[in-house]
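> Just passing along the structure, written as structure tokens.
The values are calculated or read from the model by the stated rules, or taken from the named source; none is laboratory data. All values derive from a computational prediction rather than experimental measurement. Every residue, glycine as well, gets a Cβ built from its backbone with ideal geometry; the counts of neighbours run over all protein chains shown. Areas reflect the complete protein model, heavy atoms only, side chains present, ligands, DNA and RNA absent. Shrake-Rupley method; radii C 1.70, N 1.55, O 1.52, S 1.80 Å.
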Amino acid sequence: MKKLLFNPFATHPDNKLLFAGLLSVVTGSILGWLFNARFDGVLDLHFVPETTWWQPFADNVVNVFSAVTLLFIAGKIINRKTRITDILSVVLLARTPLYLYTFANINSYTYNATEVLLQAKDNIYALSTALLIIQLVSALVVLALVFWYMALLYNGFRVATNLKKGSQIAGYIATVLIAEILSKILISVLPY
């Protein structure tokens with residue numbers, strides 16, 4: 001079970017991983033639309049007051065493009081036998097944990113709770129204990145999902161490129177951060 005959750009890339013065929021990843025991104029984009037989530041960066045998910053059906057799809061296209069392009073280049077530097085389909089499968093499937101968090105915004109709950117927290121920043125004692133506990137639990141869930149996302153992305157990249165050396169790992173981390181910056185820039189210039 002642990003391998004399935006954290007490293008399905010080592011045991012499952014490429015075509016199944018690619019299909020599962022595509023299905024995940026489409027499902028995640030629909031969930032983003034239904035629960036007003038924006039995926040405004042390779043590593044980001046934010047809730048907004050309202051979103052159109054195409055915004056989460058556009059966000060995901062930009063994020064996948066940014067991550068795949070840069071990770072493929074890094075993969076080729078590490079191992080010239082790196083295949084783009086492997087990197088694409090990794091990036092598509094690794095994003096799945098982010099999509100699961102969209103359920104936290106049913107009826108705009110998380111967005112509204114965040115707004116209440118921001119408005120009460122000068123008087124934190126005015127907030128209910130229940131709201132603070134729920135937000136704390138929510139933050140812990142987010143951390144777990146981000147950890148899962150990063151574990152999937154790293155394990156998949158490691159399998160796809162035969163990543164081993166410390167310098168290669170540092171290059172991988174830098175590449176993910178650059179992909180985040182690139183996706184933020186690209187999303188910021190989209191007309192919405």
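> Of (1) open to solvent by less than 60 Å² (accessible area, probe 1.4 Å); (2) in a helix (DSSP H, G or I); (3) touching a residue at least 60 places away in the same chain (Cβ under 8 Å); (4) not charged (D, E, K, R), Leu163 satisfies all except one. Which?
So the condition that Leu163 fails would be (2).
> Can you tell me which residue is most open to solvent (accessible area, probe 1.4 Å) among those in the range 23-40 that are at pLDDT 95 or above and closer than 11 Å to Ile187 by Cα? Let's see the steps before the verdict.
Our first condition is that a residue be at pLDDT 95 or above; within the range 23-40, this holds for 23-39.
Those still in the list that are closer than 11 Å to Ile187 by Cα too: 38-39.
Numbers: Arg38: 36, Phe39: 0 Å².
Looking at residues that are at pLDDT 95 or above and closer than 11 Å to Ile187 by Cα, I get Arg38.
> Still on this structure, please answer the following. Among the numbered criteria (1) assigned to a helix (DSSP H, G or I); (2) over 15 Å from the mean Cα position of the chain (by Cα); (3) without any contact (Cβ under 8 Å) to a residue 40 or more places away in the chain, which single criterion is violated by Val61?
Condition not satisfied by Val61: (2).
> Would you be able to tell me the number of residues in the range 171-192 that are part of a helix (DSSP H, G or I), over 25 Å from Pro8 (Cβ atoms) and open to solvent by 50 Å² or more (accessible area, probe 1.4 Å)?
Matching residues across the range 171-192 total 7.
> Is it fair to say Thr82 is touching a Gly at 6+ places or on another chain (Cβ under 9 Å), among the polar types (S, T, N, Q), within 24 Å of Val61 (Cβ to Cβ) and not in a helix (DSSP H, G or I)? Break it down into steps so the answer makes sense when it comes.
Values: touching a Gly at 6+ places or on another chain (Cβ under 9 Å): yes; among the polar types (S, T, N, Q): yes; within 24 Å of Val61 (Cβ to Cβ): yes; not in a helix (DSSP H, G or I): yes.
Against the criterion (touching a Gly at 6+ places or on another chain (Cβ under 9 Å), among the polar types (S, T, N, Q), within 24 Å of Val61 (Cβ to Cβ) and not in a helix (DSSP H, G or I)), Thr82 qualifies.
> In the range 77-125, which residues are of a type in the set (Lys, Arg) and surrounded by 22 or more Cβ atoms within 10 Å (Cβ to Cβ)? Steps first, please.
Just the residues of the range 77-125 that are of a type in the set (Lys, Arg), to begin with: 80-81, 83, 95, 121.
Selection gives Arg95 alone.
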